[in-house]
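In what follows, a structure is listed as structure tokens, so that the remarks can point back to it.
The values are calculated or read from the model by the stated rules, or taken from the named source; none is laboratory data. The structure presented is a predicted model; accordingly, all values stated were derived computationally and were not measured. Neighbour counts run over all protein chains shown; Cβ positions are idealised from the backbone, glycine included.
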2 protein chains.
Amino acid sequence: MQERTYAADADPGTSATVAGWVHEIRDLGGIAFLILRDTTGKIQVKIEKDELDEALVETALDVHRESVLRVEGDVEEEERAPTGVEVTPDDIEVIAPADPELPLDPSGKVDAELPTRLDNRTLDLRKPEVKAIFEIRAEVLRSVREAFRGLDATEINTPKIVATGTEGGTELFPITYFGREAFMNQSPQLFKQLMVGSGLERVFEIGPIFRAEEHNTPRHLNEATSIDFESAFYDHTEAMDACETVVKAAYEGVAENCDDELETLGLDEAFTVPEGDFPRLTYEEAIERINATGELDDVLVWGDDLSTEAEHALGQDVGEHYFITDWPSEIKPFYIKDHDDDAELSTGFDMMHPSMELVSGGQREHRHDHLVEGFEQQGLDPGAFEYYTKMFKYGMPPHAGWGLGGERLVMTMLGLENIREAVIFPRDRQRLSP
Amino acid sequence: MQERTYAADADPGTSATVAGWVHEIRDLGGIAFLILRDTTGKIQVKIEKDELDEALVETALDVHRESVLRVEGDVEEEERAPTGVEVTPDDIEVIAPADPELPLDPSGKVDAELPTRLDNRTLDLRKPEVKAIFEIRAEVLRSVREAFRGLDATEINTPKIVATGTEGGTELFPITYFGREAFMNQSPQLFKQLMVGSGLERVFEIGPIFRAEEHNTPRHLNEATSIDFESAFYDHTEAMDACETVVKAAYEGVAENCDDELETLGLDEAFTVPEGDFPRLTYEEAIERINATGELDDVLVWGDDLSTEAEHALGQDVGEHYFITDWPSEIKPFYIKDHDDDAELSTGFDMMHPSMELVSGGQREHRHDHLVEGFEQQGLDPGAFEYYTKMFKYGMPPHAGWGLGGERLVMTMLGLENIREAVIFPRDRQRLSP
């Protein structure tokens, strides 16, 4: 297509062709202004009705907001213009006219509820503060991958269509796969474990996971992005070290590369990269601290899982990212290894943002007999998982790893109220489209 | 866990703890050698039976191949050792014993058919030449993403659970989604288009796609990795430029960062980065050249699609990556725009490796009325796609893009015979596990 200059790059004293969306139309009688918006920002187009060609004036004044125009003209300084420059057009072409009635106002002057925004994501992402979230999300993914490579981990892709789920048949979406029953994978857990036993030893994957949970909360999705890590010859403490490195790298990447986006979101001063080591509380310390807050109606006792309220009370008390370690074995999945010196105590850990859980991990059970026993105790048929367990008979090293919720990382980093704000096209019980 | 030294880093004159798999056991009577293998390479462990502690000798000689050991000892130069160094052990710990019977020989001395290899991928990826493929695959993804960022494209993630497929209900895997019918997405096509109309303007996605095609060939998968790109204000020629940049970047990344892997694969001399512009043949030129080869039984005429045989004949003739442009509109999808001056001629293009198609792309139909008409002509209900088409009423700029098969890129780059060799756990009609 024709050479195009971005709004932010249009230098006064040059002639340029800009292209973008009509953000605003201000008709002051003898003069009118079109504010054109593109991915880099805005630029003012001046329509002096008596000075310009009549057809051109007509074209300019006939367009509706959010139409796409190409404008060719001279760029000049104009301090009263929103960005200090304006274009006097020689030519205006309406590339894509917009209907006069918009389902959503991208200028943000009219508020819209989240469902309306999600139904009209194309228009919603024309708002700089919504676009900024997804530019930051992309930077989070970039910096996380770089951190993984810094840890010598190899990127893998594992299948999303599977014969069995990680933890059995519950909470799985069934698929018809050439006449056979299959499922959408709820976690790459089993596959990444199979890879630490291979020559790769240390792997990561960032990909979709699918959970048929009937949640309806601001922090659950039925399709989410899981950031997974697993390493041979790591124990749970080394896995926690890696987790801290990766989460900090995400914050550092955003701090370094997303100045404009943070400013757009009003976070440029509030945004801080977590410093120092994340505190590591044992489960026992955690329930003591929760009980000491007096925030809960009931006193927690050993063996209780932590409710959302308990997590909130603890998160407020700790006030930064932290780990909870040494959980009771019975409330952690069977594929997490217990401590060698105490079978009641799991090497499983969670990494928490003050407002919610971000990561779940641990050292894995790598001993074939213990693993098969775990399936049985869970009421699962070890035979259905033989493709996985049999590899543990051929030299499966001790290993540890974790899964980090990608959307929760973005949500907590930016203080979003609803996890759906961190996904372009979220999937929940009600929402299957767009 | 204890400090560990990689085999490749064990320096003569130091004492070290190495950990890995028993690659080979050579018992020569008074002396035995264990070859230990880890992700970096191999190291010899010397067992002088009269010199070492009896229990230690017993431990060492009792292990089976592919067991995981931790060996602590002094590292010395030994020119007769496979890597020029060997360890005299002070301590040997069997971390994970392996069964004596292996379903696959990771030393590669016993050949295995692909199905056996895929059933035992953990063992298969212990072979350096298989591991190398996936290290290269990871580098391809890294360098492709970097190239996209160089093109100012933003990474997006779009849903894999969808209400409707890109081209209707054929070739889709059905899902049960909270009692509703849904599908696994066959392409991010519609979603990436919706995003070029947003403030992002230029986007890329690397993610899984799912196609219920009943193929059974060495170059089709039912779950594959699609590398997708789409840009507002691009025409098909600019999309082709971007495609060339990205594919070259993948080759350049591998050439720069995968020396060892290419050597392992015996490709270090044969591997070349494509140079110069990829030739751009029109469809008309393509069929003329194919007919001129005389390789086909039938003469191709305008309107014929290109069979695998036709592609092979042309690929051999051209001998490098190339584009085929200006296809007859009737054999390209309806969402591809026709040339403005000739409705019989599509802006769709394919990018070909001499051995197969890698990329399909084009400028898209961005005019709402033409798009809706396209759905109708295709026999699809435009109403089912309204979540998509309606956004074209609110300022959808002209745009173009393409989708590149990730596995085909790796397969053709490395000359693999079967596309399944480029996927850790491939999915095809028969294979659903592991």
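Just a few scattered comments:
- Residues that are outside any loop (DSSP other than H, G, I, E, B) and of a type in the set (D, E) were ranked within the range A:131-160; the one that is nearest to the other protein chains (Cβ to nearest Cβ) is A:E155.
- Residues that are hydrophobic (A, V, I, L, M, F, W, C) and more than 24 Å from A:R431 (Cβ to Cβ) were ranked within the range A:165-190; the one that is nearest to the other protein chains (Cβ to nearest Cβ) is A:F178.
- Complete set of residues in the range A:58-73 that are closer than 16 Å to A:I95 by Cα, surrounded by 17 or more Cβ atoms within 10 Å (Cβ to Cβ) and not hydroxyl-bearing (S, T, Y): A:A60, A:V63, A:R65, A:E66, A:V68, A:L69, A:R70, A:V71, A:E72
- Of A:E320, A:E357, A:E365, all but one fail to be more than 20 Å from the chain's Cα centre (by Cα) and charged (D, E, K, R); the exception is A:E365.
- Qualifying residue in the range B:368-386 (condition: within 23 Å of B:A224 (Cβ to Cβ) and surrounded by fewer than 23 Cβ atoms within 10 Å (Cβ to Cβ)): no
- Which numbered condition A:H368 misses (of (1) under 30 Å from A:A138 (Cα atoms); (2) within 14 Å of chain B (Cβ to nearest Cβ); (3) in contact with a Phe, Trp or Tyr (Cβ under 9 Å, 6 or more places away or on another chain); (4) of a type outside the set (V, I, T)): (1)
- Selection count, the range A:364-402, where residues are farther than 15 Å from A:M195 by Cα and either touching a residue at least 60 places away in the same chain (Cβ under 8 Å) or of a type in the set (S, T, Y) (or both): 5
- So A:A19, is it part of a helix (DSSP H, G or I) and of a type in the set (A, V, I, L, M): no
- Screening A:R80 with (1) over 30 Å from A:R431 (Cα atoms); (2) more than 11 Å from every other protein chain (Cβ to nearest Cβ); (3) touching a strand residue (DSSP E or B) at 6+ places or on another chain (Cβ under 8 Å) gives one miss only, at (3).
- Some residue of the range B:2-16 being assigned to a strand (DSSP E or B), among the charged types (D, E, K, R) and in the same structural domain as B:E77 (by TED's automatic domain parsing): no
- Filtered residues of the range B:1-46 (kept if at positive phi and touching a helix residue (DSSP H, G or I) at 6+ places or on another chain (Cβ under 6 Å)): B:G41
- Breaking point among (1) surrounded by fewer than 23 Cβ atoms within 10 Å (Cβ to Cβ); (2) of a type outside the set (S, T, N, Q); (3) touching a residue at least 40 places away in the same chain (Cβ under 8 Å); (4) more than 8 Å from chain B (Cβ to nearest Cβ), for A:E238: (4)
- Of the numbered criteria (1) outside any helix (DSSP H, G or I); (2) within 30 Å of B:S355 (Cα to Cα), the one B:E421 fails is (1).
- Residue list for the range B:307-320, filter: crowded, with 18+ Cβ neighbours inside 10 Å and touching a helix residue (DSSP H, G or I) at 6+ places or on another chain (Cβ under 7 Å): B:A310, B:A313, B:L314
- Extreme residue, surrounded by the most Cβ atoms within 10 Å (Cβ to Cβ), among residues of the range B:191-231 that are at the interface with chain A (Cβ under 8 Å from one of its Cβ atoms) and in a strand (DSSP E or B): B:F210
- Which numbered condition A:T116 fails, given (1) touching a helix residue (DSSP H, G or I) at 6+ places or on another chain (Cβ under 7 Å); (2) more than 16 Å from A:D38 (Cα to Cα); (3) hydroxyl-bearing (S, T, Y): (1)
- For the range B:106-130, the tally of residues that are within 11 Å of chain A (Cβ to nearest Cβ) and not aliphatic (A, V, I, L, M) stands at 10.
- Residue among A:P103, A:P89 that alone is without any contact (Cβ under 8 Å) to a residue 40 or more places away in the chain and within 30 Å of B:H370 (Cβ to Cβ): A:P103
- Lone unmet requirement of (1) part of a loop (DSSP other than H, G, I, E, B); (2) among the small types (G, A, S); (3) within 20 Å of the chain's Cα centre (by Cα) for A:G165: (3)
- Residues located in the range B:258-313, provided they are among the β-branched types (V, I, T) and touching a residue at least 60 places away in the same chain (Cβ under 8 Å): B:T264
- Options B:A313, B:A343, B:A286; residue that is farther than 30 Å from B:S231 by Cβ and either among the small types (G, A, S) or assigned by TED's automatic domain parsing to the domain that holds B:P398 (or both): B:A313
- Residue in the range A:46-63 that is at pLDDT 95 or above and closer than 23 Å to A:A132 by Cβ present: no
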